[in-house]
Amino acid sequence: MGRAWGEMGTRVIHSLRARSRQDRVVAWVLRIALASVNVLTVLIAVGLLLKSMPILRTQSLGKLLLSSTWKPLQSQFGLLPFLSGTIATTVLAMLLAVPVCLLSAVYLAEYARSRVRNWIAPVIDLLAGIPSVVYGLWGVLVIVPAVRVLGKALGYSTTGYSLLAGATILGIMVAPIIISICTEVLRAVPTEARETALALGLTRWEVTRHVVLCSSRRGILAAVVLGFARAAGETMAVLMVVGNVPRVPSSLFAPAYPLPALIANNYGEMMSIPMYDSALMMAAFVLLVVVALFNLAARLALLRFARDEQ
Amino acid sequence: MNKRRQLEERFFRLCMVLSLILVLSVLVAILLTVFVKGAPALNLAMITQTPKGGYYLGKEGGIANAIVGSLCLAGGATLLSLLAGLPLAFALQREYSKRRTAGVTRLVLDVLWGVPSIVYGAFGFVIMQYLGVRASMLGGILTLTLVILPFMVRAMDEVIRMVPLELKEISYAAGATVWETSLAVVLRQALPGIVTAVILSFGRGIGDAAAILFTAGYTDYLPRSVMDPVASLPLAIFFQIATPIPEVQQRAYAAALLLLIIVLVVSLGSRVLGQRLARNILH
């Protein structure tokens, strides 16, 4: 009897030891997995940088970024047309999207009843889930002809495949992300702040403008920056409507050629021309760095905002 | 004075409602356009046949190659992401890592989620070039995994983090180790959210074109092995809309409609399934 108990005791201890060993092993494996995510991030940046080294050795970064001569056959890889294309489409997209998104978000956060909000949130998510080629297809079918008509009416000769068409599609595509983050940010403002202002006799809009928007401006800015970064990296939809002519765009109705479109359009031929692949990978690296920095800044701002509101 | 303020209030409220209506009507317009254009082009041959000779001049055939290809690519990437992502999501919890490490990694994952998929595509291409592998289903799946992994991990992390501490403490008090608690209690409690995250990731993966443009290639045949190139719906839309032949453009519309239906079903499905599964857990 005593022996049996002893045996059982040792068995429990054994298995307990095994179990806690298993526990430690799992914890280590998970820790290593976590570290590998960070390693992977560095690896992506380093991989692209290594591929872009050949071209950086022959030409200076400043010259590559600021020259507007894009003649791969003559080894001239000025990225200025593409950088300006990206900046122009993205900034224009934000100008179109931000006011509409901000007003929508204010309505959802401050005015709408919770039933309306619960009904609209999934719909906005749906908009975010539509594949970018479908946006592109819609752009080709609807936005491009509309821009053509508008351009003709204003006296521009345009095919419709233009900066404005690209920016419009981008503006639509970033709307869901800006609206949902802004709504979240606005709703994080404590109700007491609103009630105090309402009690002072301010109208709802005045409360929104002077209290809510004012105290959440950092979060809203972060939402806009996130939208901006998303727009700068968006590829397929823009590629389909923007015209893709490697020239610094001269007007709203002129074609543009953003960086992601450049990368996507030329992968087929980049192996046959010397330095071409290196130039494209540098474009990808530049895109990665810019978008990652914007994202980082916005995320940090959102974290800080969340901490301040608590 | 009061009148002016009331006017201002009304004016801005009107602007807000109009803005929201504008956003919603764009969504409706997109859905309507794709349905109206795609529905007449969609028929059984479209779904069941692969492109035949002269297909790109408007002759016989369908986009079965792209449908099967897309399902394989997105399915494979979702499966890989789940295998890699679930442990990662657990690793972010405070049972396993310090608050600071977890915070930094969450930030890194958020930034990775914001990285354009064309950059992942370029990176995947560089790696495949380095290894001497040509465009293939495997390359596409791996690149797509990079695209959806950060989203999936962060989505699962958020639901796992919500599991109440008391629940875990009960399990610890009953003698279970941290790992056993994670498996038996936390995983079960977070399951509805995890399922939603996985389905949504699939939806993101199947719609992505930029990442697989270089890495998966395109072919007229059904996928046979993971080392062969594979067709996909987004690229089928992209290539076919660019041709001048109306019959081929019709197929782009049909492909877009199919893709949109898949994405809508996925979006709705994740919601319904998430709610249904949520009945089985503690609230």
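The values are calculated or read from the model by the stated rules, or taken from the named source; none is laboratory data. Bear in mind that the values here come from a model prediction, so they are computed numbers and not experimental data. Cβ atoms come from the backbone with ideal geometry, glycine included; neighbour counts cover every protein chain shown. Surface accessibility is based on the protein's heavy atoms, side chains included, excluding ligands, DNA and RNA. Shrake-Rupley method; radii C 1.70, N 1.55, O 1.52, S 1.80 Å.
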Per residue accessible area in Å² of the protein assembly as shown, where ligands, DNA and RNA are left out and the probe is 1.4 Å: 47
Quarter of Cα convex hull surface for chain A, i.e. mean projection, nm²: 27.0
DSSP H segments from chain B that extend 15 Å or more along their own axis, Cα-based, with Kyte-Doolittle mean of 0.5 or above: B:2-38, B:64-91, B:117-131, B:137-161, B:187-207, B:246-278
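Within a Cβ distance under 13 Å of residue A:221, other residues only, what is the Lys/Arg minus Asp/Glu net charge?
So the surrounding residues net to +4.
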Nearest-10 value in Å² for the accessible area of residue B:60, using the 1.4 Å probe: 130
FRET efficiency, 1/(1 + (r/R0)^6) with R0 25 Å, evaluated for residue A:68 and residue B:32 via beta carbons: 0.05
Euclidean distance of C-alpha centroids, the range A:63-95 and the range A:14-33, integer Å: 53
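Where nothing but the Cβ of Lys and Arg (+1) and of Asp and Glu (-1) is charged, how large is the charge dipole of chain A around its Cα centre, in debye to the nearest 20?
I would put it at about 680 debye.
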Nonlocal amide H pairs with residue A:76, under 5 Å, H built at 1.01 Å: A:71
Pairwise centroid distance, computed over Cα atoms, of the range B:208-251 with the range A:185-206, Å: 52
For the protein assembly as shown, the spread of Cα positions along each principal axis, largest first, Å: 99, 74, 56
Label-point gap, in nm, between residue A:121 and residue A:42 - each point 7 angstrom along Cα→Cβ: 3.9
Of A:208, A:58, A:41, the one that fluctuates the most in a GNM where chain A has Cα springs shorter than 10 Å: A:41
For the pair A and B, total buried accessible area rounded to nearest 100 Å², probe 1.4 Å: 6900
Chain B: most fluctuating residue of B:28, B:159, B:226 per GNM, C-alpha cutoff 10 Å: B:28
Label-point gap, in nm, between residue B:45 and residue B:71 - each point 7 angstrom along Cα→Cβ: 2.2
Cβ-Cβ FRET estimate between residue B:6 and residue A:18, R0 fixed at 56 Å, reported to 0.05: 0.15
Residues along the range A:39-58 losing 30 Å² or more of accessible surface when the other protein chains are present rather than the chain by itself (probe 1.4 Å): A:40, A:41, A:44, A:48, A:51
Rh by Kirkwood over Cα pairs, then Stokes-Einstein D for chain B at 1.002 mPa s and 20 °C, µm²/s: 100
Candidates A:182, A:101, A:214, ranked by Gaussian network fluctuation over chain A, Cα under 10 Å, top entry: A:214
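So if I take the alpha carbon set of the range B:194-239, get Rg, then get Rh from the Kirkwood formula, what is the Rg over Rh ratio?
Using Cα coordinates only, the ratio equals 1.04.
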Neighbouring partner chain Cβ atoms per residue of A:98-110, average, 10 Å criterion: 4
Axial C-alpha extent at least 20 Å, average Kyte-Doolittle at least -1.0 - helices from chain A (DSSP): A:2-58, A:80-106, A:114-129, A:163-187, A:217-233, A:276-309
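For chain A, what % of the accessible area comes from carbon and sulfur atoms, probe 1.4 Å?
Carbon-and-sulfur percentage of accessible area, whole number: 65.
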Complex-versus-alone comparison for the range B:80-100, residues with a loss of 20 Å² or more in accessible area, probe 1.4 Å: B:87, B:88, B:91, B:96
Within-11-Å neighbourhood charge of residue A:203 [Cβ basis; K, R +1; D, E -1]: +3
Carbon and sulfur %, accessible surface of the range B:134-283 computed with the full protein complex present, 1.4 Å: 67
Under 12 Å, Cβ to Cβ, from residue A:184 - net charge with Lys/Arg +1 and Asp/Glu -1: +1
Loop-exposed trypsin sites (Lys or Arg not before Pro) per DSSP, neighbour cap 16 Cβ within 10 angstrom, longest uninterrupted part of chain A: A:114-246
Estimated inter-spin distance, residue A:250 and residue B:245, nm [label 7 Å along Cα→Cβ]: 3.7
